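*Asks:* Dropping the structure in here first, questions after.
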Amino acid sequence: MMEAAEDSDCHDNCPAPSEINIIMVGSKAEHKCNAANTILGHNDCKVGKEIVQSERKQKTNQNRSVTLVMTPGWWRSFTLAESAKYLKMEIVHSLKLCPAPHAFLLVINLHKPFTNMHLNSVLEHMEILGEQIWNHTIVLLMYNDKTQRHADCKQLIKRAGTELDTVIKKCGNRVHVFNYTVRRGKNVEKLFHEIERLVAGHEEQCFKIDSKLFEDMEEKRINVKKQAEEREIQVKTMMTTL
């Protein structure tokens with residue numbers, strides 16, 4: 001059983017301040033790979049490649065050991081019911097790869113419209129991990145400085161509309177902005193400080209997921225993977241007999 005799923009105090013299991021553990025979530029085409037590469041300080045994530053299962057990346061950046069888990073993205077306009085079952089399983093599985101996350105980063109591309117439909121999609125998919133997820137989440141806004149005309153954070157949020165503001169308020173007004181065309185170490189350092197403030201605000205208590213939800217999802221994920229492997233063997237067997 002992973003530590004984050006247990007009901008006991010996980011103070012001793014939380015990583016030291018020299019470590020940053022992040023789970024990155026969001027819909028497709030939000031520049032999550034650009035954000036991940038900036039945070040890691042290395043091009044570990046191939047931009048344009050679709051993520052189909054949760055992946056863990058580890059690098060050292062800004063004198064910190066960074067563990068970052070990328071989760072598959074959902075379609076921006078899809079409800080939770082419309083999303084594939086594997087997506088829900090992989091989002092929960094991210095906590096197997098990173099049992100004691102300092103923060104969840106909800107990545108949103110400011111170059112795409114964010115309507116009430118997109119708001120509802122974000123709310124439903126985020127709460128796969130439970131309502132408490134919002135207390136551990138920072139909104140990471142991705143933009144291109146050339147097209148946004150050097151606007152500051154408040155201007156960018158205002159332009160995006162009230163729906164985005166609703167998400168930011170759900171996250172306790174924790175928001176950070178990345179220019180995805182430029183990799184700036186100073187901006188990453190500010191994000192790390194924001195994450196450290198978030199951890200301090202929770203008295204270094206780790207995020208906890210309902211243990212039954214985690215166990216049920218992991219069991220389903222294992223069964224789905226096993227069925228896929230069995231189908232692959234059957235197909236290979238059929239091909240050899242042709």
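Values quoted throughout were computed directly from the atomic coordinates according to the rules given, and no laboratory measurement underlies them. None of the values given here were measured: they were computed from a predicted structure. Cβ sites come from the backbone with ideal geometry, for glycine too, and all protein chains shown count toward neighbours.
*Asks:* Can you give the charge dipole size of segment 169-242 about its Cα centre, rounded to the nearest 20 debye, using +1 on the beta carbon of Lys and Arg and -1 on the beta carbon of Asp and Glu?
*Replies:* In total the dipole reaches around 500 debye.
*Asks:* What shape does segment 15-209 take by its C-alpha gyration tensor, where a ≥ b ≥ c are the square roots of the eigenvalues and a/c under 1.5 counts as rounded, a/b above b/c as prolate, and the rest as oblate?
*Replies:* rounded
*Asks:* I want the local charge near Cys33. Using Cβ-Cβ distances under 15 Å, sum +1 for each Lys or Arg and -1 for each Asp or Glu among the other residues. Intermediate values should be presented prior to the final figure.
*Replies:* Numbers: positive: Lys28, Lys32, Lys46, Lys49, Arg56, Lys57, Lys59, Arg183; negative: Glu30, Asp44, Glu50, Glu55.
Net of charged neighbours comes to +4.
*Asks:* Using alpha carbons only, how many angstrom separate the centre of segment 66-129 from the centre of segment 219-242?
*Replies:* For segment 66-129 versus segment 219-242, the Cα centre distance is 28 Å.
*Asks:* Which value, in debye to the nearest 20, describes the size of the charge dipole of the chain about its Cα centre when Lys and Arg Cβ atoms bear +1, Asp and Glu Cβ atoms bear -1, and nothing else is charged?
*Replies:* So the dipole magnitude of the chain works out to roughly 1340 debye.
*Asks:* Let me ask something else about it. For Lys112, which lysines qualify as cross-link partners when the Cα separation must be under 16 Å and same-chain residues fewer than eight apart are set aside?
*Replies:* Cα-Cα hits under 16 Å: Lys28, Lys32, Lys146, Lys158.
*Asks:* Now for a different question. Arrange the peptides 35-44, 65-74 so that the one whose residues have, on average, the most other Cβ atoms within 10 Å appears first.
*Replies:* 65-74, 35-44
*Asks:* A further question on this structure: Based on other C-beta atoms within 10 Å, arrange Arg64, Arg56 from fewest to most.
*Replies:* Values: Arg64 20, Arg56 14.
Ranking Arg64, Arg56 by Cβ neighbours within 10 Å, fewest first, gives Arg56, Arg64.
*Asks:* Report the charge-dipole magnitude of segment 123-223 in Debye, nearest 20, computed about the Cα centre from +1 at each Lys and Arg Cβ and -1 at each Asp and Glu Cβ.
*Replies:* 800
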